[in-house]
Amino acid sequence: MRRVVVHEGPLIVGGGLAGLSAALEAVPVAGVSKGALVVTPAPLLDACSSAWAQGGMAAALGKDDSAELHAKDTEVAGAGLVVPEVAEALTEHGRETVEWLASLGAPFDRDADGGFAVSLEAAHSMPRVARVGGDGAGRAILSAVVEAARAASHIEIWEDGRLRGLLQDASGRVRGAVIERAGVLVDVHAHAVVLATGGIGGLFEVTTNPAALRGEGMALAYLAGAEILDPEFVQFHPTAIDVGLDPAPLATEALRGEGARLVDRDGKFLIGPEPDADLAARDIVARAVHEARASARGAFLDARAAVGDHFPHEFPAVFAACQGAGIDPRVQPIPVAAAVHYHMGGIAAGEDGRTSVAGLYAIGECAATGVHGANRLASNSLLEAATFGRQAGRAAAREGAVAVGEVSAVMVGGDLPEPEMMALRAAMTRYCGVVRGGEGLEALCRMLDEMAVSHPVALSVVAAQLVAEGALERRESRGGHFRSDYPQTDKVALHTRMTARVAVAV
Ligand SMILES: Cc1cc2nc3c(=O)[nH]c(=O)nc-3n(C[C@H](O)[C@H](O)[C@H](O)COP(=O)(O)OP(=O)(O)OC[C@H]3O[C@@H](n4cnc5c(N)ncnc54)[C@H](O)[C@@H]3O)c2cc1C
């Protein structure tokens, strides 16, 4: 018998930027809802990518920039799979979102005139990334949001709850979730459930994400019947610092924006001598780094000339990570590797977070809204998490109570034992990594199928299957997905849509 809690409003799962932005906007609606309940397995600011973001938030803030130009760059990066209207809907809220966060206390860097200081990142045609303290954007932004959420009387926060299942009624409508607290399962009945559970980096051996992010929200949404969009599209960051740490610390792209160069162990450029060669789209740079390491040339980020003595002041987080590993980036090139960084695919959702299942919303990195297509434009994800997160919070707060009826849990998920989890992570990196091939993906899918039989409630296996099966089905190379056996990009760009384990290209 599980405990039961009734919450009169939306239940928001995840306390990163998406979840807390939604919670702040989920203000009570008279006669309908009384505020938001936020659930995370760890104290706020821990175990979420939002707090680890370094570069900043993309928005058209410069005087020569525009939301249209930002949307265009987003579309080009997304390699044919960005939905233009959604990209426009996001970029036109850029300034408003940055100003909202600044009004909560996010200390964005300012220029001499008091405007937002912006820097250049890869594949942006303009400097448009609003930074904080050089490379401390995520923690500083999220800290302001956390403070606002803690002060808001309409928000209740559980910092010891993990999503284990979704509650649905006979019609399939989501009516709440099963949350594990201190080993006890609690059925939380709510007007709506907003999934804000972040990425999937923890399914791979080499990642920049907190290891606990394993796609559990996506797996449960899928099992509840929600449509999953383009799960095979994973972005690999080319410059994770390669010092054997799990997760791998990141050397922000802003370093290359400042002129740091990618070289091999003999100092030869990895991509080319042109000043902007290393600022090509992330998939191109990640493959160059992957190939240089595979061929034993080695891959390094040389910031000695471009940043040098300014390193500790301009990039304090990267400097600290390097120092912790015994590297002084002022005088030494930094060894780098490509690492899983961002999941473009996920739970298909609209700008207001609605999924294909009534009562279920998805926002932030666990959602696939059509903004990122096959390849995310750098620093668009914090903007999306806050902008669409807020819209979802408003929409979910307007969901009223549903007449009481029978509800049952989709599945009460469990964990994969640690040795199997390590095997899964190693196999995902090996066969579903920067370069993928049909034979390896088939072997991976067989291994995951066997794991699903021996561990039928392991949500990380379900999530890994979605990614691996999508990668096997996509017989072309596009954006973050590169197939050695299908290197061509098809003329027509098709989405992968998966519902109840049937993959169709439409
Ligand atoms: C090192 C690094 C640097 C980055 N730099 C940038 C950048 O400069 N600019 C940019 O735009 N993007 C950047 N990104 C990406 C960006 O940080 C993320 O895409 C974004 O923060 C995602 O926000 P989110 O709220 O969706 O997820 P997260 O912030 O990851 O939050 C997910 C939340 O869900 C919770 N959760 C997960 N599973 C469960 C469960 N089963 N039950 C309950 N809760 C659960 C987690 O504990 C967490 O609270 C970076 C990412 C990394 C890792």
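The values are calculated or read from the model by the stated rules, or taken from the named source; none is laboratory data. The structure presented is a predicted model; accordingly, all values stated were derived computationally and were not measured. Positions of Cβ are generated from backbone atoms using ideal geometry, with glycine treated the same way; all protein chains shown enter the neighbour counts. Ligands, DNA and RNA are excluded from the accessible area calculation, which covers all protein heavy atoms including side chains. Shrake-Rupley method; radii C 1.70, N 1.55, O 1.52, S 1.80 Å.
Would you calculate a helix-derived [θ] at 222 nm for the chain, using -39,500 (n - 2.57) for each DSSP H run of n ≥ 4 and dividing by the full residue count, to the nearest 500? Don't skip to the end; give the middle numbers.
Values: 14 runs with 156 residues, N = 506.
Result for the chain, helices only: -9500 deg cm²/dmol.
So how far, in whole Å, is the C-alpha centre of the stretch 208-287 from the one of the stretch 350-392?
About 19 Å separates the Cα centre of the stretch 208-287 from the one of the stretch 350-392.
Expressed as cubic angstrom per residue, what is the convex hull volume of the alpha carbon set of the stretch 1-147? Please report the intermediate quantities before stating the final value.
Working: hull volume 23.4 nm³, N = 147.
It is 159 Å³ per residue.
Once each part is reduced to its C-alpha centroid, what is the distance from the stretch 158-199 to the stretch 55-103 in angstrom?
The distance from the Cα centre of the stretch 158-199 to that of the stretch 55-103 comes to 32 Å.
For the stretch 1-133, what proportion of DSSP beta bridges, expressed in % and rounded to the nearest 5, is antiparallel?
Details: 6 of 9 bridges.
Percentage antiparallel, nearest 5: 65.
Per-residue accessible area for residue 113 at 1.4 Å probe radius, Å² rounded to 10?
Probe radius 1.4 Å; accessible area of residue 113 about 150 Å².
Where nothing but the Cβ of Lys and Arg (+1) and of Asp and Glu (-1) is charged, how large is the charge dipole of the stretch 1-134 around its Cα centre, in debye to the nearest 20?
Working: 9 positive and 17 negative charges, 145 e Å.
The dipole of the stretch 1-134 has a size of about 700 debye.
Which whole-angstrom value gives the distance between the alpha carbon centres of the stretch 1-47 and the stretch 478-500?
Each part reduced to its Cα centre gives a spacing of 36 Å.
In Å, what is the Rg of the alpha-carbon atoms in the stretch 194-332, and how long is Dmax?
17.1, 54
Can you tell me the length gained on complete extension of the stretch residue 457 to residue 66, counting 0.36 nm per residue apart and subtracting the Cα distance? Don't jump to the answer; show the numbers that get you there.
Details: separation 391, 0.36 × 391 = 140.76 nm, distance 4.73 nm.
Gain in length upon complete extension: 136.0 nm.
Looking at the stretch 127-214, which GluC sites (Glu not before Pro) are in a loop (DSSP not H, G, I, E or B) and have at most 16 other Cβ atoms within 10 Å?
Values: sites: 147, 156, 159, 180, 205; in loops: 159, 205.
Answer in residue order: 159.
Rounded to the nearest 0.05, what FRET efficiency is calculated for residue 29 and residue 284 with R0 set to 45 Å and r the Cβ-Cβ distance?
On the way: r = 47 Å, r/R0 = 1.05.
Computed FRET efficiency for residue 29 and residue 284: 0.45.
Could you pull the Cα extents of the stretch 336-378 along its three principal axes, largest to smallest, in whole Å?
Sorted largest first, the three principal extents are 44, 14, 12 Å.
Could you check the simple spin-label distance between residue 320 and residue 265, using points 7 Å along Cα→Cβ, in nm with one decimal?
Distance between the two pseudo-spin positions: 3.2 nm.
What do you get for trypsin sites (Lys or Arg not before Pro) in the stretch 295-383 restricted to DSSP loop and a cutoff of at most 13 other Cβ within 10 Å of the site's Cβ? Intermediate values should be presented prior to the final figure.
Details: sites: 297, 304, 330, 354, 376; in loops: 297, 304, 330, 376.
Filter output for the stretch 295-383: empty list.
Compute the FRET efficiency between residue 147 and residue 310 as 1/(1 + (r/R0)^6), taking r as their Cβ-Cβ distance and R0 = 30 Å, and round to the nearest 0.05. Display every interim value, and only then the final one.
Details: r = 30 Å, r/R0 = 1.01.
Result of the calculation: an efficiency of 0.50.
Estimate the FRET efficiency between residue 500 and residue 96 by the formula 1/(1 + (r/R0)^6), using the beta-carbon distance for r and 60 Å for R0, to the nearest 0.05. Numbers along the way, then the final one.
Details: r = 38 Å, r/R0 = 0.63.
Once the sixth-power term is evaluated, E becomes 0.95.
Expressed as a rounded percentage, what relative contact order does the chain have, with Cα pairs under 8 Å and six or more residues apart? List each step's numbers first, then the result.
Values: 1287 pairs, mean separation 115.4, N = 506.
Computed value for the chain: 23 percent relative contact order.
Rounded to the nearest 5, what % of the DSSP beta bridges within the chain are antiparallel ones?
Numbers: 45 of 68 bridges.
Just about 65 percent of them are antiparallel.
How many nm is it between the label spots at residue 490 and residue 449, if each spot is 7 Å from the Cα in line with the beta carbon?
In this crude label model, residue 490 to residue 449 measures out at 2.2 nm.
Skip the ligands, DNA and RNA, and give the accessible area per residue of the stretch 345-473 with a 1.4 Å probe, whole Å². Each step should come with its number before you reach the end.
Values: 4220 Å² over 129 residues.
Value for the stretch 345-473: 33 Å² per residue.
Starting from the residue with the highest accessible area, list 266, 328, 278 in decreasing order, probe 1.4 Å. Intermediate values should be presented prior to the final figure.
Values: 266 120, 328 35, 278 5 Å².
My answer, sorted largest first, is 266, 328, 278.
Magnitude of the Cβ-charge dipole of the stretch 114-214, K/R +1 and D/E -1, about the Cα centre, nearest 20 debye?
Here the stretch 114-214 has a charge dipole of around 140 debye.
What does the charge dipole of the stretch 420-478 about its Cα centre add up to, to the nearest 20 debye, if the Cβ of each Lys and Arg holds +1 and the Cβ of each Asp and Glu holds -1? It would help to have the intermediate numbers written out before the result.
Details: 7 positive and 8 negative charges, 52 e Å.
Result for the stretch 420-478 is approximately 260 debye, rounded to the nearest 20.
Give the lysines whose C-alpha is closer than 23 Å to that of residue 72, dropping any in the same chain fewer than 8 places away, or say none.
63, 491
Which residue, 433, 396, 172, has the largest displacement toward the positive end of the dipole of the chain when charges sit on each Cβ (Lys, Arg +1; Asp, Glu -1)?
It is 172.
For the pair residue 418/residue 245, report the inter-label distance in nm, with labels modelled 7 Å from Cα in the Cβ direction.
Result for the modelled spin labels: 2.1 nm.
Please provide three numbers in whole Å: the alpha-carbon extents of the chain along the principal axes, with the largest listed first.
Over the chain, Cα extents along the principal axes are 68, 56, 44 Å.
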